[in-house]
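Here's the structure we're looking at; comments come further down.
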Amino acid sequence: MSPRRVSHPTRIGIIGLGMYVPPKVLTNHDLEKMVDTTDEWIQTRTGIRERHVADPGMTTSDLATKAAQQALKQAKLDPKDLDLLIVATATPDMLFPSTSCLVQQRLGATSAVCFDLSAACSGSMFAMITAQQYLLSGRYRNALVVGAEVLSGFIDWTDRSTCVLFGDGAGACVMAPVTRGGILATDMGSDGSAADLLCMPGGGSKHPPSHRSVDQRLHFLRMSGGEIFKLAVRRMADSATQVMKKAKLKPEHIGCFIPHQANIRIIEALAKWAKLPLEKMYMNLQRYGNTSAASNLIALYEAVQEGVITRGDHVVMVAFGAGLTWGSILLQW
Ligand code: UT7
């Protein structure tokens, strides 16, 4: 038997949270000077006012390490005692090695098993559910999940339909067995038939980097915004409904919803479609834009910091992203 193996716990919870965004802020007014857009259009169509962007040379592992350090500190966990480290990202430092190995080295988490997880904006949900399964099996005693992105390096800053939407950042959580509260229900789904609606075609085996791939701007994010909008609403509504059903809870029992922070209109439509109270939908996308895999964890961190979520509250986290992918977690704080 592995020395790390522990008896099968029944409930896994979050014992520490952290977040980090780069200091540089890009406002809608700054974007007005870069593309044919207005602060008014961006605010009314998305709800976003500003986003943080990394300075040149600042990497996803830089952001991830800072968020992770804070989460480990809050959990009072020595990095050397960490068993599992998963980084969810669509913007790794390099294709390989994994960003998680780079974060491990920076943290000094020498005993941790490390891998990256690719599920775009649903990344932190997928990574938390994956970590939960390892912890429930008793294979590992604790896990650190980080959702981190430097999307600004993959955005076409001449394309007004995408460049106004995204931001850089990292969110982190330490997970471990708990005796009260914790994760009560989860849901995940994928649909590869719509993979082309949101993608970055260049840089992988399909279009390895070449003069041609750069000339054709294949290394930038591409999105069919309208179609993604509708699918995001439907899939997140179904997924959030599923976890409440599994946990035998109704929307009125939920203290706070943490939806993926892509667009205020998506969140409003989600609330309407799934009959969820809009006033319980936590939103901080005004300040960060869509930070993809970091989005739900940054929102959870701030909701807890602001006292919007307090001990004993039921919380539903729900995300949607490229793949397509979607997922939800219902937990008791
Ligand atoms: O995390 C998951 C990934 N992403 C998302 O969830 C995003 C999903 N999609 C969306 O949030 C929305 O579809 C957008 C914000 C991207 C677009 O909003 P929309 O209400 O669907 O606008 P639209 O694409 O229908 O465009 C309406 C008009 C167009 O002009 P015409 O063709 O009507 O003359 C666009 O060219 O708005 C124009 N437009 C802009 N105008 C000013 C598009 N982007 C901009 C812009 N500034 N930045």
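The values are calculated or read from the model by the stated rules, or taken from the named source; none is laboratory data. Remember, it's a predicted structure, so these values are computed and weren't measured experimentally. Cβ coordinates were reconstructed from backbone atoms using ideal geometry, including for glycine residues, and neighbour counts include every protein chain displayed. In case anyone asks, the SASA skips ligands and DNA or RNA and just uses the protein heavy atoms, side chains included. Shrake-Rupley method; radii C 1.70, N 1.55, O 1.52, S 1.80 Å.
Element breakdown for region 83-239 at a 1.4 angstrom probe: carbon and sulfur atoms account for 55% of the accessible area.
For region 184-332, just list the percent of Cα-Cα distances falling in each 5 Å bin from zero outward, please. Calculated over all Cα pairs of region 184-332, the distribution is 2, 10, 18, 20, 18, 12, 8, 6, 4, 2, 1, 0 percent.
Once the C-beta distance of R45 and E279 is scaled by a Förster radius of 22 Å, the resulting FRET efficiency is 0.50 to the nearest 0.05. Pop a pseudo-label 7 angstrom from the Cα along the beta-carbon direction at both H207 and K248 and give the gap in nm to one decimal. Those two pseudo-labels are separated by 5.1 nm.
Restricting attention to region 12-179, the count of lysine pairs at 8 or more positions apart or across chains with alpha carbons under 22 Å apart stands at 4.
Expected output is a single nm value to one decimal: the length gained when fully extending between F96 and K76, i.e. 0.36 nm times separation in residues minus the C-alpha distance. What is it? Provide the component values of the computation, followed by the final result.
Details: separation 20, 0.36 × 20 = 7.20 nm, distance 3.04 nm.
Contour length minus Cα-Cα distance gives 4.2 nm.
Using Cβ point charges alone (K and R +1, D and E -1), the dipole size of region 1-141 about the Cα centre works out to roughly 840 debye. Sparse packing (at most 13 other Cβ atoms within 10 Å of the Cβ) combined with a DSSP loop state is found for the following trypsin sites (Lys or Arg not before Pro) in region 139-211: R180, K206.
How big, on average over all directions, is the shadow cast by the Cα convex hull of region 42-169, in nm²? Can you show the working numbers first?
Numbers: hull surface 34.7 nm².
So the mean shadow area of the Cα hull is 8.7 nm².
Spatially, region 114-132 and region 191-216 are offset by 22 Å when compared through their Cα centroids.
Over its Cα atoms, what ratio of radius of gyration to 2.2 N^0.38 Å does the chain give? Numbers along the way, then the final one.
Numbers: Rg = 18.9 Å, N = 333, 2.2 N^0.38 = 20.0 Å.
Cα-based Rg divided by the globular estimate yields 0.94.
Taken along its principal axes, the alpha carbon cloud of region 22-99 reaches lengths of 50, 29, 20 Å, longest axis first. Relative to the globular-protein estimate of 2.2 N^0.38 Å, the Cα radius of gyration of region 132-207 stands at 1.58. Here's the picture: a label point sits 7 Å out from the Cα of R180 along the beta-carbon direction, and within region 294-333 the residues with their amide nitrogen under 12 Å of it are 311-313, 333. A straight chain from E306 to S137 at 0.36 nm per residue would run longer than the Cα-Cα distance by 57.5 nm.
Counting Lys and Arg as +1 and Asp and Glu as -1, each charge on the Cβ, what is the dipole of region 184-332 about the Cα centre in debye, to the nearest 20? Mind showing how you got there, number by number?
Numbers: 17 positive and 12 negative charges, 47 e Å.
The calculation lands at about 220 debye.
Under 28 Å of direct C-alpha separation, and excluding same-chain neighbours fewer than eight residues apart, K250 reaches these lysines: K230, K272, K275, K280. Remark: the chain carries a charge dipole of roughly 1140 debye about the Cα centre, counting +1 on each Lys and Arg Cβ and -1 on each Asp and Glu Cβ.
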